[in-house]
Amino acid sequence: MTVVAPRAMDPTLDEVSIELTPVHTPADRRFFGLLACSAAIMFMLLVSIMVFLAYHGWWALSHFKLKFFLGTTWSAPAHPGVLALIGGSVAIALVALVFALPISIATALMINEFAPARLRKWLTTLIDLLATVPSIVYGFWGLEALSPWLNGTSEWIVKHLGFIPIFRTNYAGSYEHSIFICGIVVSIMITPVITSITREVMAQAPREACEAALALGGTRWGMITDVVLPFSRSGMVGATLLGLSRAMGETIAILLILSSNSTALTGHIMGPEGSTVAKQIGSDFTISSTQGQSELVLAGLTLFATTLIFSLGGRIIVQRGTGPRR
Amino acid sequence: MNSTISVSPPSPVSAMTATGLDVAVRIPPPPPPSGLPPPGGKPSSSGPRRSRGPVVELVGSALAAGASVWLVFTIAGLSAPFGLFVSSFLLFLVIYGVVCHSLHGTLVMKDRLATVAVWGGSLTALLALVAVIGFVVFKGAPVVFARFPHFLLADMSNFGGSSPVTNAGVGAAIVGSLEQVGLATLISVPLAVLTATYLVNSNSTLSRVVRNVVDAMTGTPSIIAGIFIYIILVKPRGTNGLDGLAAGLALSVLMLPLVTRAAVEVIIIVPEALREAALALGAPQWRVILQIVLPTARAGLITAAILGVARTAGETAEVLFTAGGNVHYNFSPLAPYQSDLPLQIYSLINQPSVNAIRVAWGVAFVLVALVLALFVAARAAGAAGTGRVSRQLRQRKARKRSMTMTKEPSP
């Protein structure tokens, strides 16, 4: 029997297979059968989610066909255009990334390279804590605290940077329920995700190369730019994708903050416009007709597929990227 | 700040070594360069003692930037605390960069600026955490303690529209949350541990596929789990479909991949030598796993489970379509309409009344307190240490060893 050691999950190592004398007791086989069953349940869960969503979204798909995916305004049940909602999700995710990415990389560097040993542990714990605070609390905080605080800032941005198309708005004076605010709130939620993955990837940078850089008289920053960052670049790309998928799936915070003024595809992030897939499902699903529900389910399936691709791609890139180089 | 920042000791790094053990590699710091001038810097006049220079440069630049921006803002009559902060920070970076450049050269300037940026970035993340939790405590604590045990024990049936905050109670929501999350835990944790064991110990096609499935599903949008359960469990049962059972199942869809991933990471670091020793002694695989691997990983598994519970306890989107909500106590997860903490917050926010918002903060306070308590418990459980054998197990083993030694005749 070839026992593949637990290393199998560790991408940094080649598969270490150890030949052991076969210990094929019938009990063993039954036990592994049980384990395989539980793993199969996991697989079946994903498949059945897909199948049930597809089954319930079938009406919308067969009725609207390609129009469903290309329409830029979501006005269910007559004219559902999922592009508007996906566009909103992407816009919020991108705003979130603009804030979360630099902060996450800084935090990861802080924990790995800058902070003294005792502080490091605390920082890691606090960042994990950031991931544990419920999203409804973030949403509520964003609604009640952050958006009034940032009202002046939003106004300033619209007034002085309004020549850039994305900062333009058709709703002057109303900045509290914008994609911008949602993006900032979501950025707080995805920061721990990106930070922890980036940190793990950076920790695997070859220590000898780091020490060599320092021994040659390089500064700490020189070491980071020449060794740590090049080594972990693909890992950071993967972490970004994972953060993006998390941000696109965020529901309740956006449901609380984003206004429901217009559900057309919009590039204006400062005004109360736009909608996301998750928000639209959350606000309309229970009050919709069967047809409306079918449309929302299909939109949800589109979102699910998108986030699956992003998070799977992110994981694969992270795992590839952390292998030993050269 | 290190005065000879150009050559600084690398920090200890926890790296996954070839054995898979989490080993902290500690590199002793080099001796302070006593007489030598640091490369690229000015010769230090005070010998091995740290010079005050860097601190003075840092604080001086910060003060200069803050003061000048404040002056400009005051003269211009602007009152924008956020803008004041951002522009002071930017100006500080410029001044500090110029100061460092003129005193120490480009290399040191880059290093110092990067250090400041990294500190700034991580402090921003912590600031967000403090701001959120602080705000919840600030808003929620007065409501919770306005009428203390009553708020935790009563239900919401006496609170409506314009009634005073002291009428509200979160007891029904707490019961609902406990039952729904408990149900999710009962379903997810055993399944997750079994799946994780399989993923670590097998390299079959199924295992490889499920690894990717778990990875992909950790990012499942929570609303998807909500509509999935709604479609298969709530809608077919009509108006009585909304209950704690459906909510618990929806939560378990989210919890399963979370706990599985965490459990895999814990099981994988069980020292290979332990398994091999057991296998070499002729133990069958199932005994190795059940009696060596899982007990060794016990602390980590408990941490994984508690963190999973903490993460799911606050999920709202799943329970939005599944629990139904209730202002009265409903102790049975099988009886229709049950409330829970996140759902209670959501429905209060949607009520057009100032008092409802205040009560919502109180409920948020309870939820955050619960989640924080779980988080601390998980840390405490994890501090027992993965890979360390518990005292109980060690005693049992010692007892067994002494028994076998007395029983078995030596060959």
## Note on the structure
Exactly one of A:237, A:277, A:227 is closer than 27 Å to residue B:213 by Cβ and surrounded by 18 or more Cβ atoms within 10 Å (Cβ to Cβ), and that residue is A:277
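Residue-by-condition table, conditions (1) modelled with pLDDT under 95; (2) of a type outside the set (A, V, I, L, M, F, W, C); (3) farther than 25 Å from residue B:79 by Cβ; (4) part of a helix (DSSP H, G or I):
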{"site": "A:148", "(1), (2), (3), (4)": "yes, yes, no, yes"}
{"site": "A:160", "(1), (2), (3), (4)": "yes, yes, no, yes"}
{"site": "A:173", "(1), (2), (3), (4)": "yes, yes, no, no"}
{"site": "A:176", "(1), (2), (3), (4)": "yes, yes, no, no"}
{"site": "A:202", "(1), (2), (3), (4)": "yes, no, yes, yes"}
{"site": "A:205", "(1), (2), (3), (4)": "yes, no, yes, no"}
{"site": "A:210", "(1), (2), (3), (4)": "yes, no, yes, yes"}
{"site": "A:214", "(1), (2), (3), (4)": "yes, no, yes, yes"}
### Task
Could you tell me which numbered condition residue B:141 fails, if it satisfies all but one of (1) crowded, with 18+ Cβ neighbours inside 10 Å; (2) within 16 Å of residue B:357 (Cβ to Cβ); (3) aliphatic (A, V, I, L, M)?
(1)
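Among the residues of segment B:193-203, is there at least one that is within 30 Å of residue A:281 (Cβ to Cβ), at the interface with chain A (Cβ under 7 Å from one of its Cβ atoms) and out of contact with any strand residue (DSSP E or B) (no Cβ under 6 Å at 6 or more places or on another chain)?
Taking segment B:193-203 and keeping what is within 30 Å of residue A:281 (Cβ to Cβ), we get B:195.
Filter once more, keeping what is at the interface with chain A (Cβ under 7 Å from one of its Cβ atoms): B:195.
In the following step, the residues that additionally are out of contact with any strand residue (DSSP E or B) (no Cβ under 6 Å at 6 or more places or on another chain) were identified as B:195.
Within segment B:193-203, one or more residues are within 30 Å of residue A:281 (Cβ to Cβ), at the interface with chain A (Cβ under 7 Å from one of its Cβ atoms) and out of contact with any strand residue (DSSP E or B) (no Cβ under 6 Å at 6 or more places or on another chain).
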### Message
Quick check on segment B:349-368. Is at least one of its residues within 11 Å of chain A (Cβ to nearest Cβ), without any contact (Cβ under 8 Å) to a residue 24 or more places away in the chain and in contact with a Gly (Cβ under 9 Å, 6 or more places away or on another chain)?
### Response
yes
## Note on the structure
In the set B:323, B:335, the lone residue that is buried (at least 24 other Cβ atoms within 10 Å of the Cβ), farther than 30 Å from residue B:382 by Cα and either more than 9 Å from chain A (Cβ to nearest Cβ) or within 23 Å of the chain's Cα centre (by Cα) (or both) is B:323
### Query
Where in segment B:202-273 are the helices (runs of 4 or more DSSP H), entirely inside, with at least 1 residues that are in contact with a Ser or Thr (Cβ under 7 Å, 6 or more places away or on another chain) and under 20 Å from residue B:301 (Cβ atoms)?
B:205-217, B:244-268
### Query
List the pairs whose first member sits in segment A:45-65 and is hydroxyl-bearing (Ser, Thr, Tyr), whose second member is assigned to a helix (DSSP H, G or I), and whose Cβ atoms are under 9 Å apart, counting only residues at least 6 apart or on separate chains?
A:48/B:228; A:48/B:232; A:55/A:297; A:55/B:231
### Message
Given the criterion surrounded by fewer than 20 Cβ atoms within 10 Å (Cβ to Cβ), in contact (Cβ under 8 Å) with a residue 12 or more places away in the chain and closer than 28 Å to residue A:170 by Cα, identify the matching residue among A:253, A:264, A:299.
### Response
A:264
## Note on the structure
All conditions in (1) within 11 Å of chain A (Cβ to nearest Cβ); (2) over 30 Å from residue A:254 (Cα atoms); (3) surrounded by fewer than 24 Cβ atoms within 10 Å (Cβ to Cβ) are true of residue B:232 except (2)
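The values are calculated or read from the model by the stated rules, or taken from the named source; none is laboratory data. Bear in mind that the values here come from a model prediction, so they are computed numbers and not experimental data. Positions of Cβ are generated from backbone atoms using ideal geometry, with glycine treated the same way; all protein chains shown enter the neighbour counts.
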